[in-house]
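One structure below.
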Amino acid sequence: MEIRQARPEDAREVSGVISELDTREYGYSDIGHVMDYIRRGRYYVLCENGAVVGAMALKPVEGSCQIYTIASRRKGGGRALVEYAIQKCRKEGVPKLWCWSMAHYKAKGFYGKLGFEEQYLLKKQWLGMDCFFFGKVID
Ligand SMILES: CC(C)(COP(=O)(O)OP(=O)(O)OC[C@H]1O[C@@H](n2cnc3c(N)ncnc32)[C@H](O)[C@@H]1OP(=O)(O)O)[C@@H](O)C(=O)NCCC(=O)NCCS
C-alpha cells in the first residue's frame with residue numbers, strides 16, 4: 001500500500017471511499033466538493049494495486065492541521081493515513097493535528113490508539129449532532 005497526493009482522476013474513487021462519512025444532512029462525498037479539495041492539494045489517497053482503498057483530506061486552519069475527512073477500507077489503512085499526516089505536520093513545523101468526529105462514527109478508540117490525548121465530547125455541536133474533538137500535539 002502507498003500513500004500519495006490525490007489527482008483529479010481519483011475523484012470518483014475518493015468519493016466512493018469517503019461516502020462512509022455522509023450523513024442525511026451533509027455529503028462529504030459530493031463529487032464537486034471532493035474535486036475542489038483535490039485541486040487545492042488537500043486530498044491524499046491510500047492505494048493498493050492501483051486502486052484507492054483509503055482517503056484523507058487535510059485542511060490548514062490558523063497554523064494547525066485539521067483532518068477534514070478520513071476513511072479506509074483496509075485494516076491498518078487508517079493508522080497509515082494518520083501517521084502520514086503526523087509526519088507531514090512534523091516536516092512543516094505544524095504543532096497541532098486535530099479533527100471533529102461525529103459520535104456515531106464511534107472513532108474514539110481509533111484516535112486514542114493513535115495518540116490523540118485530547119478528547120472532548122461536544123453535545124449537539126454540528127447540525128444538532130454530538131461530536132468529539134480529538135487533538136494531538138506534534139512534537
Ligand atoms: C475509522 C477508520 C478510518 C479506521 O481505519 P482502520 O484502517 O480500520 O484503522 P486501523 O486498522 O489502522 O486501526 C489502528 C488501531 O485503532 C484500532 N481501531 C480502529 N478503529 C477503531 C474503532 N472504531 N474503535 C476502537 N479502536 C479502533 C485498531 O484496532 C488498531 O489498533 P491496533 O494498532 O492495536 O491494532 C475506518 O474504520 C473507517 O474508514 N471508518 C468509517 C469512516 C469513519 O468513521 N472515519 C472516521 C471519521 S472521524
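Derivation of every value follows stated rules applied to the coordinates shown; laboratory data play no part. Keep in mind that what you see is a predicted model, and the values were worked out from it rather than measured. Neighbour counts are summed over all protein chains in view; Cβ atoms, including those assigned to glycine, are modelled from backbone coordinates with ideal geometry.
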If you place +1 on the Cβ of every Lys and Arg, -1 on the Cβ of every Asp and Glu, and leave all else neutral, what size is the dipole of the chain about its Cα centre, to the nearest 20 Debye? 220
Taking the Cα-to-Cβ direction at THR23 and at LEU122 and moving 7 Å from each Cα, how far apart do the two end points lie in nm? 1.2
Proximal lysine pairs, the chain, alpha carbons under 20 Å, eight or more residues apart or interchain: 21
Can you report the principal axis dimensions of the range 20-139 using only the alpha carbons, biggest first, rounded to whole angstrom? 40, 37, 29
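Please report the relative contact order for the range 31-119, taking Cα pairs under 8 Å with a sequence separation of at least 6, and give it as a percent rounded to a whole number.
It comes to 20 percent, rounded to a whole number.
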Mean residue ellipticity (222 nm) of the chain, computed from DSSP H runs ≥ 4 via -39,500 (n - 2.57), nearest 500: -8000 deg cm²/dmol
